[in-house]
Amino acid sequence: MDILESVKMASKTLLANKLRSTLTMLGIIIGNASVIAMVGIGEGAQRFVSGQFESLGTNVLFIVPGNRDAQRTTVDLPKTLVLEDAEAIATQVPTVSAVAPQLHSRELVTYRNRNTYSLIVGTNPDFSAVRSFDARRGRFLTDLDVKRNNQVVTLGVDLAERLFGNQDPIGQQVRIRNISFLVVGVMEEKGSVLGTNYDDSAYIPVTTMASRIIGENSPYGINLTFISVSAQNEASVDAAQFQITNLLRLRHNITREDDFSVQSQKDVLEIAGTVTGALTIMLAAIAGISLLVGGIGVMNIMLVSVTERTQEIGLRKAIGATQDDILIQFLIEAVILSAAGGVLGTALGVGGVLLIGAFTPFQAGVSPIAIALAVGVSGGIGIIFGVVPARRAAQLDPIVALRSA
């Protein structure tokens, strides 16, 4: 009997038991859909993280207090960076175009009877250039504001809307930690970057932040949360990273381990890519377990089918069917079940990925490799888990099969 005839017979047999065939395929369908969806979500997360970093600019450096061990083991980073470090970088590192010291605190912001907790960012005028973040209305902070400790604030667009609604906030007074600040500007919409919603933040001079809001400085100057630096261009990022490291080591009198770290956008992006990539693999592996369960379901149903069709197997052998004919037919039935389940699961998974991409910020995409792998694994499962029932059917003695029927 040729392969085409075996396929026709296997298809008729499966169609004769539609409900059982559908239930058998269900495990494969769910497994394929899960694998494709998880891989798509993982790749979408990688694109989302990459987009977040690219929105900062390709030549941005982050100077973070504490060495890498301290950064991994504690939430509260050591206070090893001061405002004078940022000023030294701005004046002594030739490959740097802008330096933005940043001091963060979460405080209550009040306007009349409206109040909300928001992130307060103490910084300088270079913050706008480093973070590519401009004022929509009014102005951003100036050097004079920083020099004179002026009590002025520029609001993120969401914070301004929540406090003022449709009213123009420029020239109004808001209170931050019960201290009055004059609103001088509202920023353009920026969105969230690395979990920080810059549209829901307020920006004040770093000196005012240190003296009036935080109220504490080290003997060496104003402590900073971190420093953002913009290199002159993308080609000078490595040189800027090297020069900043040497300068801060000299300023901090470091002879052994650094008490800071200088990270480029590329470094942080590689770390984020490694994490999201590992997460994608883990999610796909977990989803792949359902494919294994589906394969066991196929084997179980095929074993039941062998038992039910003992008479048919005996009759076919009695009229000349060989063991190979019986083996091939049952293998084909298992492969059809698995492959059909793989195709349906692929369609379901692709639809799920497209829905996730439409309703979430993740730029979820359909990976052709994931589709090919999932469908290939499905067909392979049909062969692997169909072998035992097929061999069992092929090895039945025709006389015993007819007698037991």
ask   = Within region 248-261, can one find any residue that is over 32 Å from the mean Cα position of the chain (by Cα), touching a residue at least 24 places away in the same chain (Cβ under 8 Å) and under 22 Å from ALA98 (Cβ atoms)?
value = yes
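Conditions (1) open to solvent by 20 Å² or more (accessible area, probe 1.4 Å); (2) of a type in the set (Gly, Ala, Ser), marked per residue:
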residue	(1), (2)
ALA240	no, yes
LEU248	no, no
ASN253	yes, no
ASP259	yes, no
ILE281	yes, no
GLY297	yes, yes
Helices (runs of 4 or more DSSP H) enclosed by region 81-186 - at least 3 residues per element that are within 23 Å of ILE222 (Cβ to Cβ) and within 31 Å of the chain's Cα centre (by Cα) = 126-130
ask   = Could you say whether any residue in region 156-174 is in contact with a helix residue (DSSP H, G or I) (Cβ under 8 Å, 6 or more places away or on another chain) and among the aromatic types (Phe, Trp, Tyr)?
value = no
ask   = Which residue out of VAL146, VAL130 is more than 19 Å from VAL109 (Cβ to Cβ), of a type in the set (A, V, I, L, M) and out of contact with any Pro (no Cβ under 6 Å at 6 or more places or on another chain)?
value = VAL130
remark   = With criteria (1) closer than 24 Å to ASP134 by Cβ; (2) not in a helix (DSSP H, G or I), ASN253 comes up short on (1)
ask   = Are there any pairs, at least 6 apart or on different chains, whose C-beta atoms fall under 6 Å, with the first in region 278-291 and of a type in the set (Val, Ile, Thr) and the second surrounded by 12 or more Cβ atoms within 10 Å (Cβ to Cβ), and if so, which?
value = THR280/GLY42
Residue in region 271-284 that is touching a strand residue (DSSP E or B) at 6+ places or on another chain (Cβ under 6 Å) and either part of a helix (DSSP H, G or I) or not basic (Lys, Arg) (or both) present = no
inquiry  = Given (1) at pLDDT below 80; (2) open to solvent by less than 30 Å² (accessible area, probe 1.4 Å); (3) not charged (D, E, K, R), identify the lone condition not met by ILE301.
reply    = (2)
task = Report, ordered by the first and then the second residue, all pairs with beta carbons closer than 7 Å, sequence separation of six or more or different chains, a first member in region 221-240 that is more than 17 Å from ASP126 (Cα to Cα), and a second member that is surrounded by fewer than 18 Cβ atoms within 10 Å (Cβ to Cβ).
result = GLY221/GLU84; ASN223/LYS79; ASN223/ASN217; GLU234/THR58
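The values are calculated or read from the model by the stated rules, or taken from the named source; none is laboratory data. Predicted model, so just to flag it, every value in this text is computed and none were measured. Note that each Cβ is placed from the backbone with ideal geometry, even for glycine, and that neighbours are counted across all protein chains shown. To get the accessible areas, we keep the full protein, side chains included, count just its heavy atoms, and leave off ligands, DNA and RNA. Shrake-Rupley method; radii C 1.70, N 1.55, O 1.52, S 1.80 Å.
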